[in-house]
Amino acid sequence: MSRPIHIVHIIPTLHFGGAERFVIDLANASTGSEFQHSIIVFFHNTPLAQQLSQVVDVHVVEKYGQLSFNLFGKLERKLKEISADVVHTHLFGGDLWGRVAARRLNVPVITTEHALATDVGWFKTNVKQWLVGLSDVYVAPSQAISSFIHHEYHVPTEKIHVIYHGVQLDRFQNISPLTFSDTLRLLTIGRLVYEKGQDIGLSAVARLSDIPLNYRIVGSGKMKEQLILQADVLGIADHVIFEHPITDIPHVFATSDILIVPSRSEGLGLVVIEAMASGRLVIGTRTGGIPELIHDHTNGILVDTDDPIDLARAIRWAHEHKKEVMKLAIQARVDAIAQYGLDKMVKKYEVIYKSLLDNKKLN
């Protein structure tokens, strides 16, 4: 093929989120002489698009309503128009409409499962099971997700590749090593939804009234008003700062000491890797892929899920053992640099892209 291999990602939006940031990073890092990347979204909701390289095109193929059956045809026409060689689908909407449209055109499909979708209900679970045969390859960002999609969606294990997310390490290399001031600076980043457990974080902070601290919660979502009310009821509103999502993630970590990940469910946690690369302590729950990244009291701290008492205990330990915390943070950065560079992830995806085209030629 004389021209670059054209990879077309299909994802509902480019709003703030781990899957969306993953697509941005992969498209930017892989675009070059061998690969061209484009992104199809369904809505004009693309704040992260400003982070894309100018050579990565974004196409809006609008979706109207829940059952937008004409979207299949619209996607087919767009994929033909831009000459897609491989379709890479993300999240439920991208997986459903994108896979069907690609298969009608006989375009190879790779699907990245980004989360442990434990709360999607029987309908979406059945749809996911029905779609399994439409993907040539699945990628799971953690062993936890690999096991989940095998058992829940019946994806054959031979179809699944585990590729941990990578981060652009140079974005975090200029962040100063962790030091502590008089006030402990806690941080949580993520969608404000039940699965992310910000309510657990607030309950833990309320148990630490004797420690000078502030708690920044960065994100947006349907639970925001409920969380603001909870902070007020707990009497900690003066110590909690709610911030809208921002693109300058390194600055957020540079002005924080500890990342709290109180998730009830977490496929991997891209933000965990970013915190590690920033040389910041991560206190995360024992759920999903988090224990695959954080090894308790080696490069971070693990706590029980849905347990504000255990989380408060870990935060107090960190406050009282700052020298040990600095060692953990240093080890976290070493591990991130050694294992989770964006270049490592991109090379593994590119091998799969090439193999899909080679298999298509053979067939």
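The values are calculated or read from the model by the stated rules, or taken from the named source; none is laboratory data. None of these values were measured; they are calculated from a predicted model. A quick note on method: Cβ atoms are made from the backbone with ideal geometry, for glycine too, and the neighbour counts reach across all protein chains shown.
On the stretch given as the stretch 224-269, residues that are in contact with a helix residue (DSSP H, G or I) (Cβ under 6 Å, 6 or more places away or on another chain), of a type in the set (S, T, N, Q) and in a helix (DSSP H, G or I) total 1.
Would you please name the residue that is modelled with the highest pLDDT, looking only at residues in the stretch 26-46 that are surrounded by fewer than 16 Cβ atoms within 10 Å (Cβ to Cβ) and either part of a strand (DSSP E or B) or out of contact with any helix residue (DSSP H, G or I) (no Cβ under 9 Å at 6 or more places or on another chain) (or both)? Residue satisfying both the conditions and the ranking: Phe43.
What are the residues in the stretch 155-195 that are aliphatic (A, V, I, L, M), farther than 23 Å from Ile283 by Cβ and either assigned to a loop (DSSP other than H, G, I, E, B) or not assigned by TED's automatic domain parsing to the domain that holds Gly133 (or both), if any? I'd like the intermediate steps shown before the answer.
Start the filter on the stretch 155-195 by keeping residues that are aliphatic (A, V, I, L, M), which leaves 155, 160, 162-163, 167, 169, 175, 178, 184, 186-187, 189, 192-193.
Next, only the ones that are farther than 23 Å from Ile283 by Cβ stay: 155, 160, 162-163.
Across the stretch 155-195, the qualifying residues are Val155, Ile163.
Restricting Ala204, Ala231 to those that are without any contact (Cβ under 8 Å) to a residue 60 or more places away in the chain and assigned by TED's automatic domain parsing to the domain that holds Gly288 reduces the list to Ala231. Just one of (1) under 19 Å from the mean Cα position of the chain (by Cα); (2) at pLDDT 95 or above; (3) of a type in the set (Gly, Ala, Ser) fails for Ser135. It is (1). Being among the hydrophobic types (A, V, I, L, M, F, W, C), on the phi < 0 side of the Ramachandran plot, surrounded by fewer than 23 Cβ atoms within 10 Å (Cβ to Cβ) and in contact (Cβ under 8 Å) with a residue 60 or more places away in the chain is not true of Ala336.
Given the residues Val272, Val282, which is the only one that is among the β-branched types (Val, Ile, Thr) and touching a residue at least 40 places away in the same chain (Cβ under 8 Å)?
Details: Val272 fails: touching a residue at least 40 places away in the same chain (Cβ under 8 Å).
Testing whether each residue is among the β-branched types (Val, Ile, Thr) and touching a residue at least 40 places away in the same chain (Cβ under 8 Å) leaves just Val282.
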